[in-house]
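Student: First the structure, which I've put down as structure tokens, then a few questions once you've had a look.
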Amino acid sequence: MQIENNKVVSFLYHLRDAEGTALEESEPGLPLAYLHGHNNLLPALEEALTGRSAGDRFSVTLPPEKAYGPLVPGKTQRIPIKHIVNPPKRLLPDMIIHVQTEQGPIPAKVIKVGKFMVDVDLNHPFAGKTLEFQVEVVSVRDATEDEIAHGHAHGDGGHHH
Ligand code: ZN
């Protein structure tokens, strides 16, 4: 079965930047499941997955404009520490944290830590980076009507309600 719209795809991945630094990876043996064609992944990554089937391995390199966009200067903001979602015991520069906003939590990078306030860079942590995804497709199946109505995958590696 090939990957196309309204298929639920589970896959394992490793993500590196252009210098080969590991940025992120799926947990070993725990593939991520998503519903294809519903904007659940970066569009360029979905495009690279289209037409693949279970067992396929490939890598795809995405320049910043096809990934998380360029690094925008001046996106530093001073926020109260209490606006950080599940703050770690000790905040340190360069840590990636999530800031609670009216639109929900967004990732940010810690620049400077004060007593009650913290300076954060609100660029996406991967902004300005060329990303290389190494992907292994684990399984492809038809989505259920519920999944298509919700716009996401259910079950292992997907959404739980
Ligand atoms: Zn759902």
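Student: What would the Debye formula give as log10 I(q)/I(0) at q = 0.12, 0.16, 0.17 Å⁻¹ for the alpha-carbon point model of the chain, no solvent?
Tutor: Reported log10 I(q)/I(0), two decimals: -0.64, -1.01, -1.08.
Student: Where a Cα-Cα gap under 22 Å defines reach, which lysines qualify for LYS109, not counting those fewer than 8 residues away within the same chain?
Tutor: Cross-link targets: LYS66, LYS75, LYS82, LYS89, LYS129.
Student: Mind listing the phi-derived Karplus ³J(HN,Hα) values for region 135-149, rounded to whole Hz, using 6.51, -1.76 and 1.60 with θ = phi - 60°, and x for any glycine or proline?
Tutor: 10, 10, 7, 9, 8, 9, 9, 5, 6, 7, 4, 4, 4, 5, 5
Student: Which is farthest toward the positive dipole end of region 68-161 among GLN100, VAL118, VAL85, measuring Cα position about the Cα centre, with Cβ charges +1 (Lys, Arg) and -1 (Asp, Glu)?
Tutor: Comparing the listed Cα positions along the dipole, VAL118 ranks first.
Student: Let me ask another. Please rank PHE133, PHE58, fewest neighbouring Cβ atoms within 10 Å first, as an exposure proxy. Don't skip to the answer; put the middle values down first.
Tutor: Numbers: PHE133 23, PHE58 12.
In increasing order of surrounding Cβ atoms, one gets PHE58, PHE133.
Student: Next question. Measuring from centroid to centroid over Cα atoms, what is the spacing of region 15-60 and region 77-148 in Å?
Tutor: Here the answer is 18 Å between Cα centres.
Student: Before rounding to the nearest 500, sum -39500 (n - 2.57) across all DSSP H runs of length at least 4 in the chain and divide by the residue total; then give [θ] at 222 nm in deg cm²/dmol.
Tutor: Taking each H run of at least 4 residues, the total per residue is -2000 deg cm²/dmol.
Student: Starting with the fewest neighbours, write out LYS112, LYS89 ranked by other beta-carbon atoms found within 10 Å of each beta-carbon. Kindly include the intermediate steps, with their values, before the conclusion.
Tutor: Working: LYS112 12, LYS89 4.
Ranking LYS112, LYS89 by Cβ neighbours within 10 Å, fewest first, gives LYS89, LYS112.
Student: Continuing with the same structure: Rounded to a whole number of µm²/s, how large is the Stokes-Einstein D of region 112-161 at 20 °C and 1.002 mPa s, given Rh as the Kirkwood radius over C-alpha pairs?
Tutor: Stokes-Einstein gives a translational diffusion coefficient of 138 µm²/s.
Where a number appears in this text, it was derived from the coordinates with a stated rule and is not lab data. These numbers were taken from a predicted model, which means no experiment stands behind them. No Cβ is skipped: glycine too gets one built from the backbone with ideal geometry, and neighbour counts run over all protein chains shown.
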